[in-house]
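> First the structure, then my questions, so here it is.
The values are calculated or read from the model by the stated rules, or taken from the named source; none is laboratory data. Everything numeric in this text was worked out from a predicted model, so none of it was measured. Counting neighbours? That spans all protein chains shown, and the Cβs are built from the backbone with ideal geometry, glycine included. For accessibility, only protein heavy atoms count, side chains too; no ligands or nucleic acids. Shrake-Rupley method; radii C 1.70, N 1.55, O 1.52, S 1.80 Å.
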Amino acid sequence: MRAAPTPAVTLLAEAKVHHLLHDYEHDPSSSSYGTEAADILTVRLGLAPGQILKTLVVERADRTLAIAVLPVTTTLSLKSAAVALGTRKVTMADRARAERSTGYVLGGISPLGQRRALATIVDDSALSWDRVLCSGGRRGLEIELDPRELIRLCKAVTAPIATE
């Protein structure tokens, strides 16, 4: 029996955006959700690790939240994210606040179909791929889609926000 579609999957279906869903068995003892997804899906699908994206929730200087989407193999440059968001500083958001705002649990936060639309930045490296994967809205579910569709649906800006 398949789980009910997440808001992210519903949004893609309603927008008639071509996408593929990839399920994997999430290991509750895994310390990094993104690395876990990349380790499994790069082998299964023959993808490069840079095609697997993670979704991070950040807090701007004015206390509003925003989304940063970048390859799981990289680290978010808080300074670059602040510049892209037009604020003096960003910090990682509190877990409970991120979950409450997005409607998703940590490790399953999708940039798509969030409870409240947040300003979103996608690392510009995503545009070097024809297909990328991002969280489907629950742990163990990834959505494969064209990065331009991801950017369009999130009303995102692109910027170099990732560091190796």
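> Given an 8 Å cut-off on Cα distances and at least 6 residues of separation, report the relative contact order of the range 1-87 as a percent.
Reported as a whole number, the value is 18 percent.
> Taking H placed 1.01 Å from N in the peptide plane, check which residues at least 5 places from K54 or on another chain put their amide H under 5 Å from its amide H.
Those qualifying (amide H under 5 Å, at least 5 residues apart or on another chain) are L70, V72.
> In percent, what relative contact order does the range 33-72 have, based on Cα pairs under 8 Å that are 6 or more apart in sequence?
38
> How would V122, V157, V83 line up by accessible area, probe 1.4 Å, largest first? Write down the numbers at each step before the final one.
On the way: V122 0, V157 75, V83 110 Å².
Of V122, V157, V83, the descending order of accessible area is V83, V157, V122.
> If you don't mind, another one. Which of E144, E25, E36 moves the most in a Gaussian network model of the chain with Cα springs under 10 Å?
E25
> Between rounded, prolate and oblate, where does the chain land on the alpha carbon gyration tensor, with a ≥ b ≥ c its root eigenvalues, rounded for a/c under 1.5, else prolate if a/b exceeds b/c?
Note, shape of the chain comes out rounded.
> Still on this structure, I have one more. So what is the relative contact order for the chain, in percent, with contacts set as C-alpha pairs under 8 Å and at least six apart? Write out the running numbers ahead of the final one.
Numbers: 322 pairs, mean separation 47.4, N = 164.
For the chain, the relative contact order is 29 percent.
> Accessible area per residue of the range 41-87 at 1.4 Å probe, in Å²?
Normalised by residue count, the accessible surface of the range 41-87 is 41 Å².
> Treating cross-link reach as a plain straight distance, find the lysines whose alpha-carbon is under 18 Å from the alpha-carbon of K89, omitting any fewer than eight places away in the same chain.
K79
> Net charge within 14 Å of E142 by Cβ-Cβ distance, Lys/Arg positive one each and Asp/Glu negative one each, not counting E142 itself?
Numbers: positive: R44, K54, R131, R138, R139; negative: D23, E25, E36, D39, E144.
Local charge sum for E142: 0.
> Computing the accessible area with a 1.4 Å probe over protein heavy atoms, can you report the carbon and sulfur percentage for the range 41-100?
52
> Setting aside same-chain residues fewer than 8 positions from K16, which lysines have a Cα under 29 Å from its Cα?
K54, K155
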